[in-house]
Each structure stands twice: as structure tokens, then as C-alpha cells.
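Asks: After the C-alpha cells below, expect a handful of questions from me.
The values are calculated or read from the model by the stated rules, or taken from the named source; none is laboratory data. As the structure is a computational prediction, the values presented were derived from the model and not from experiment. Please note: Cβ atoms are built from the backbone with ideal geometry, for glycine as well, and neighbour counts cover all protein chains shown.
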Amino acid sequence: MTKLIAMAGNGGPDRGGDEEGRTGIVTKTRPKTKRPHLYKVLLLNDDYTPMEFVVHVLERFFNKPREEATRIMLHVHHKGVGMCGVYTYEVAETKVTQVMEFARQHGHPLQCTMEKE
Ligand code: TYC
């Protein structure tokens, strides 16, 4: 916990302060919030998954507009790997599981993975 201390102004009796000239102290505690570790969710290229299916995955699970989804899909197609988004551990893990299950249901070998940023 960090304790923030602010001195309340007190100019004495003529400046609106109290007769005794006591200085007010305001303290406020602030619980330390740690930034969560972040994880990149990645799509891997393969020779069989249809391009349109990958675009659909990016729209459906990563909320990408069609143009951006197409750009990411083509990046993966040409470079072998590409990033879908950055999330906290649990969200990233859920996305990977959802994409892998969706690809499996449709008989595509699409691979999705995550790595610490
Ligand atoms: N290489 C695939 C094809 O030519 C398309 C593809 C793109 C597959 C991205 C997977 O993550 C991927 N049909």
C-alpha cells in the first residue's frame, strides 16, 4: 500500500484557517495494482486451411473487421506466423482453445498458439 499525503492549506485566522493554526493532513491509501502479464495469440500457416476460413476465425474470435482480418491472414500465409491480438493469460488461453476446437470441428489443421509478450 502506498500512503499519499497532502497538506491541507491553513493560513491562520486571517486567511480562513482556524484560531489554533493547526495544519490539516489528508491521507489516502492506494492499494497497489500490478499490471497483468500479457500474451500474444498467434496463428500459424499451413497448406490446407482455406483462406476464407482463417478470415472468418479472425472476425469471429478476434473481432477484426474483414479488411484487417484479410490483412492478418495474408501476413500469416506469407510469413508463416502472425498475431491476432494481445490478452491476459486466461483470455488468451480461451481464444486458443476456441480457435483450435472450431478448426477441429471443421476438419482444418489450423494451429493457434500463445506466447508471453
Ligand atoms: N496457407 C493457406 C492456404 O494457402 C491459408 C492460411 C492462412 C492457412 C493463414 C492458415 O493461419 C493460416 N490455403
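Asks: Can you name the residue in segment 50-81 that is surrounded by 13 or more Cβ atoms within 10 Å (Cβ to Cβ) and in contact with an Asp or Glu (Cβ under 8 Å, 6 or more places away or on another chain) and, of all such residues, is nearest to Gln98 (Cα to Cα)?
Replies: Leu58
Asks: Still on this structure: Thr70 versus (1) within 21 Å of the chain's Cα centre (by Cα); (2) within 11 Å of the ligand (Cβ to nearest atom): which is the lone unmet condition?
Replies: Here Thr70 clears every test but (1).
Asks: Can you pull out the residues in segment 61-117 that are touching a residue at least 40 places away in the same chain (Cβ under 8 Å) and basic (Lys, Arg)?
Replies: If the condition is that a residue be touching a residue at least 40 places away in the same chain (Cβ under 8 Å) and basic (Lys, Arg), then Lys95, Lys116 are the ones that fit.
Asks: If a residue counts only when it is at pLDDT below 95, which strands (runs of 3 or more DSSP E) contained entirely in segment 1-101 have at least 3 such residues?
Replies: Working: elements: 2-8, 24-30, 38-44, 81-88.
Where strands (runs of 3 or more DSSP E) fall fully within segment 1-101 and carry at least 3 residues being at pLDDT below 95, they are 2-8, 24-30.
Asks: Another question, then. Being assigned to a strand (DSSP E or B) and within 14 Å of the ligand (Cβ to nearest atom) is the filter; apply it to segment 102-117 and report the residue that is surrounded by the most Cβ atoms within 10 Å (Cβ to Cβ).
Replies: At the first step, the residues of segment 102-117 found to be assigned to a strand (DSSP E or B) are 111-116.
Next cut, within 14 Å of the ligand (Cβ to nearest atom) only: 111-113.
Numbers: Gln111: 16, Cys112: 21, Thr113: 15.
Selected residue: Cys112.
Asks: Something else about it: Those residues that are surrounded by fewer than 10 Cβ atoms within 10 Å (Cβ to Cβ) and closer than 14 Å to Val76 by Cα, I need them from segment 21-49; list them, please.
Replies: Asp47, Tyr48
Asks: Somewhere in segment 84-94, is a residue crowded, with 18+ Cβ neighbours inside 10 Å, under 21 Å from the mean Cα position of the chain (by Cα) and among the hydroxyl-bearing types (Ser, Thr, Tyr)?
Replies: Scanning segment 84-94 turns up at least one residue that is crowded, with 18+ Cβ neighbours inside 10 Å, under 21 Å from the mean Cα position of the chain (by Cα) and among the hydroxyl-bearing types (Ser, Thr, Tyr).
Asks: Here is a follow-up. Mind telling me which of the residues Val55, Val86, Val91 ends up being among the β-branched types (Val, Ile, Thr) and within 16 Å of the ligand (Cβ to nearest atom)?
Replies: Values: Val86 fails: within 16 Å of the ligand (Cβ to nearest atom); Val91 fails: within 16 Å of the ligand (Cβ to nearest atom).
That would be Val55, the only listed residue that is among the β-branched types (Val, Ile, Thr) and within 16 Å of the ligand (Cβ to nearest atom).
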